[in-house]
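All remarks here apply to the structure that follows.
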Amino acid sequence: MNPFSSGTRLRDMIRAIRACKTAAEERAVVRKECAAIRTSMNENDQDYRHRNLAKLMFIHMLGYPTHFGQMECLKLIASAGFPEKRIGYLGLMLLLDERQEVLMLVTNSLKQDLNHSNQYIVGLALCALGNICSAEMARDLAPEVERLLQFRDPNVRKKAALCTIRIIKKVPDLSENFINPAAALLKEKHHGVLITGIQLCTDLCKVSPEALEFLRKKHTDGLVKTLRDAVNSPYTPEYDISGIADPFLHIRLLKLLRVLGQGDADASDAMNDILAQVATKTESNKNAGNAILYECVETIMSIEDNGGLRVLAINILGRFLSNRDNNIRYVALNMLMKAITVDAQAVQRHRATILECVKDSDASIQKRALELVYVLVNETNVKPLTKELIDYLEVSDQEFKGELTAKICSIIEKFSPEKNWYIDQMLKVLNKAGNFVKDEVWHALIAVISSASDLHGYTVRALYKAFQTSSEQESLVRVAVWCIGEYGDMLVNNVGMLDIEDPITVTESDTVDVVKIAIKHHALDLTTKAMALIALLKLSSRFPSCSERIKDIIVQHKGSFVLELQQRSLEFNSIIEKHQNIRSALVERMPILDDATFSTRRAGSLPAAASTSSGASLNLPNGVAKPSAAPLVDLLDLSDDLPAPSSSGGDFLQDLLGIDLSPAPTQSGIGQIQKAGTDVLLDLLSIGTPVQSSSPTTDILSSSQNGKSPIATLDALSSPSSLSAQATSSARAVPMMDLLDGFGPSPLKPEDNGSVYPPLVAFQSSSLRITFNFSKQPGNPQTTLIQATFINLTPNVFTDFIFQAAVPKFLQLHLDPASSNILPASGNGSITQNLRVTNSQHGKKSLVMRARMSYKFDNKVTLEEGQINNFPKDLAS
């Protein structure tokens, strides 16, 4: 016989395919067999039709296309004999799905077989319908399936119930037709029918609120009785599994009771007793018993509140955690994650067992237990839990260390009771797993160290000791190098000693050795080497005796292939050799970092307006904490429901360079654009800066006091935008040499002004007076030049003076650096600052502004603010 004829038996084809040594041989065999099957189909060979379909099903399972055999399924289903129908329905379920259009042709055959006198053929049709039923078929055949739910044979009833589940999922509208027949199945004595009936009722409750209410009111008690009978039933060999009578029935009943009890106190009360009985009587030494206990726990946690039952359920989960089976422990950890939101106190009692699971050898249990521990941590138990986790960190697997380190750092940051404890724990983590710490973690640690001014000495000594034993931990080295660069003198002089530490002897040379070792051990790490070079530059100022040695270390990198290191080396070497007079000012300690603001920004929750104004930094003395500035929307006195001002790429460049890159009103075309670009370049190079007047005259001050009140409101602003600028210059601006041979803008002269505008007392309080002098450039009426003069009315000298201003969106504001940041007392001097305001609604809207001033005296920061809207009307005309 031809080995590839239609008469070849299925087993012979399988043997030929398995004998193939390569995929190409297999494809050749399958190709020849499919060709033979096609030939047989074309000849309408009825003797081997069922055999050909069986072969096609095997070929389909191997992954080869068999769509050409779909019509053979329909022909076999239409046959009269049971064997042909069985192969036909099997092929139908395997080769087709509900998306195939061919399936529409089989609906009539299914309807006939559902009404067949042979119960086995009825079972075949129900099985096929339950697997591939589409929405159209469900609507057409639902009446037949509903009738079969009351068929005399239990196997048919069971298959009809399973088929009904498919129908109501495809067409939920049909669910009301099956409520009563499904409820009748709950009284069955045959366990197979009863289980399928319970499953059908469970699915009905999920798709139909009417079915849920009906079963909740009419059948809750009956289901409780059925479960009680199953729990108390004597030994039955037919259903017994590991000494438990039909655990599958137990589980299905518990799932249905969970659905009925959820959100209904009466139904929950009705099932409390039987749930307690199941939880206490079921043996947990067999897998079947554990499955029932798990479903019982899940049911208890889902129904309405019963404190005693929930404690019992959580205790069962605690027993699961001590089981040797990893699967049981894993599902217990999953369930405890859900239970902690319901009764956290009961879960806390099993904290020690959960912590042991973190040390388990199974990776999935480790991760799940760690997530649960993270949720369990609070202010009262953070210290013991953190200690346990850090102790385990040292011996944990390398694959698990990264995740464990991230969780520990998050716990420390979230629940730290005090900065001293925070720093201690973070140093332990860096000491044991510094290579697994993410950058944002050690960034935050540096911010905390910077803000804890009383712990600077303690921290740098602790880092010095940790470095001696763990110099290979990258993050630890970076934090240590930064702190030594900032507080190296405290390390040498034992400044800020705490009672809990012993004094150590560290010389200046030892301190430099630490940084040198960091460069040597982390030669491939650009960040660490760059930080080390900065630390060396700072130490050269703090330790003059080591200046030459430090210079030699820095010079070694002047030939580095990394441009960043080469540039730093050359620049730092130049500072040490040629700029001794400014070195100490350049390398002063960093201003205290606001760790709260840093954490908020790192979490991505910093308001947009605040980030817009962060480009200009506060000019505060080194080592002094900056005042907490309110968001810029507060400066504008806006309500919280207004959107925050948006920022574009130009705003970032503007903040970075401190110049105004906003587009000017387009009136003179290309020439205007070219002029704006030139101004940007001149501002960037600080060339041709206008001369600023030192102080206004007494006549101007006296005449301005008779003007209008400087305090006004900005209620008319509908969509204001803001821009803040800060004083950064410590000396008055002076005319600079014109390096571009006269291309810089020349200083303004009074006679160049098109008009003369009266001065304005923009703001006055008991301590401060601000006067505005106005001028305009010829041919540019939209732009107003303002010279602000600040006078101190108190006998105290104001330091760190900063002027900020905000304007609405139709105005564009540019602030030049102030002449100074120190305001003399009693009007014996003043600070001047130039403002440039461009009005895009010139001729329609007047100028308005809101100002804020901050200054310091007696080490206290004072903020004053006011609204200015009484600008001369001529400015807008």
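For the stretch 508-532, enumerate the residues that are under 12 Å from L476 (Cβ atoms) and crowded, with 16+ Cβ neighbours inside 10 Å.
The answer is V514, A518, H522, T528.
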Inset, instruction - Please work out if L257 is of a type outside the set (S, T, Y), open to solvent by 10 Å² or more (accessible area, probe 1.4 Å) and either on the phi > 0 side of the Ramachandran plot or over 35 Å from the mean Cα position of the chain (by Cα) (or both). - result: no
Inset, instruction - Quickly run through the stretch 14-68 and pick out the residues that are surrounded by fewer than 16 Cβ atoms within 10 Å (Cβ to Cβ) and of a type in the set (F, W, Y). - result: Y64, F68
Inset, instruction - Would you mind telling me which numbered condition in (1) part of a helix (DSSP H, G or I); (2) touching a helix residue (DSSP H, G or I) at 6+ places or on another chain (Cβ under 8 Å); (3) not aromatic (F, W, Y) V495 fails? - result: (1)
Legend entry - Single match in A291, A332, A313 (criterion: of a type outside the set (S, T, Y) and either closer than 20 Å to D221 by Cα or outside the structural domain of R349 (by TED's automatic domain parsing) (or both)): A291
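Would you confirm whether any residue within the stretch 158-178 is without any contact (Cβ under 8 Å) to a residue 24 or more places away in the chain, open to solvent by 10 Å² or more (accessible area, probe 1.4 Å) and under 48 Å from the mean Cα position of the chain (by Cα)? Explain how you work it out, then say what you get.
First pass over the stretch 158-178, keeping only residues without any contact (Cβ under 8 Å) to a residue 24 or more places away in the chain: 173.
Those left that are additionally open to solvent by 10 Å² or more (accessible area, probe 1.4 Å): 173.
If we keep only those that are under 48 Å from the mean Cα position of the chain (by Cα) as well, we get 173.
Yes, because at least one residue in the stretch 158-178 is without any contact (Cβ under 8 Å) to a residue 24 or more places away in the chain, open to solvent by 10 Å² or more (accessible area, probe 1.4 Å) and under 48 Å from the mean Cα position of the chain (by Cα).
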Inset, instruction - Report, by residue number, each residue of the stretch 64-107 that is touching a Leu at 6+ places or on another chain (Cβ under 6 Å) and among the aromatic types (F, W, Y). - result: Y89
Legend entry - D203 vs. criteria modelled with pLDDT of 90 or more and within 22 Å of G261 (Cβ to Cβ): yes
Inset, instruction - Please tell me if S560 is assigned by TED's automatic domain parsing to the domain that holds L445 and either in contact (Cβ under 8 Å) with a residue 12 or more places away in the chain or within 19 Å of I446 (Cβ to Cβ) (or both). - result: no
Inset, instruction - Within the stretch 82-101, count every residue that is hydrophobic (A, V, I, L, M, F, W, C), open to solvent by 70 Å² or more (accessible area, probe 1.4 Å) and at pLDDT below 90. - result: 0
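Restricting to the stretch 221-248, and then to whatever is hydrophobic (A, V, I, L, M, F, W, C) and open to solvent by 30 Å² or more (accessible area, probe 1.4 Å), can you tell me which residue is nearest to L275 (Cα to Cα)?
Narrowing the stretch 221-248 to residues hydrophobic (A, V, I, L, M, F, W, C): 223-224, 227, 230-231, 241, 244-245, 248.
Remaining after also requiring open to solvent by 30 Å² or more (accessible area, probe 1.4 Å): 231, 241, 248.
Details: V231: 10, I241: 21, F248: 16 Å.
Filtering the stretch 221-248 for residues that are hydrophobic (A, V, I, L, M, F, W, C) and open to solvent by 30 Å² or more (accessible area, probe 1.4 Å), the one nearest to L275 (Cα to Cα) comes out as V231.
Could you say whether any residue in the stretch 277-284 is open to solvent by 10 Å² or more (accessible area, probe 1.4 Å) and over 22 Å from F320 (Cβ atoms)? First the steps, then the outcome.
Filtering the stretch 277-284 for residues open to solvent by 10 Å² or more (accessible area, probe 1.4 Å) gives 277, 280-284.
This time we only want the ones that are over 22 Å from F320 (Cβ atoms), so: none.
Within the stretch 277-284, not a single residue is open to solvent by 10 Å² or more (accessible area, probe 1.4 Å) and over 22 Å from F320 (Cβ atoms).
Answer with yes or no whether A270 is within 18 Å of N232 (Cβ to Cβ), in contact (Cβ under 8 Å) with a residue 12 or more places away in the chain and touching a strand residue (DSSP E or B) at 6+ places or on another chain (Cβ under 7 Å). Steps first, answer last, please.
On the way: within 18 Å of N232 (Cβ to Cβ): yes; in contact (Cβ under 8 Å) with a residue 12 or more places away in the chain: yes; touching a strand residue (DSSP E or B) at 6+ places or on another chain (Cβ under 7 Å): no.
For A270, the condition - within 18 Å of N232 (Cβ to Cβ), in contact (Cβ under 8 Å) with a residue 12 or more places away in the chain and touching a strand residue (DSSP E or B) at 6+ places or on another chain (Cβ under 7 Å) - is not met.
Can you tell me which residue among G843, G827 is more than 17 Å from A762 (Cβ to Cβ) and modelled with pLDDT under 90?
Numbers: G827 fails: more than 17 Å from A762 (Cβ to Cβ).
None of the others qualify; the one that does is G843.
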Legend entry - Hits in the stretch 441-455 (condition: surrounded by fewer than 22 Cβ atoms within 10 Å (Cβ to Cβ), in a helix (DSSP H, G or I), more than 19 Å from the chain's Cα centre (by Cα) and among the small types (G, A, S)): A447, S451, S453
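The values are calculated or read from the model by the stated rules, or taken from the named source; none is laboratory data. Just so we're clear, the structure is a prediction, and the values are computed from it rather than from any experiment. Cβ sites come from the backbone with ideal geometry, for glycine too, and all protein chains shown count toward neighbours. Remember, those area values only see protein heavy atoms, side chains included, never the ligands or the DNA or RNA. Shrake-Rupley method; radii C 1.70, N 1.55, O 1.52, S 1.80 Å.
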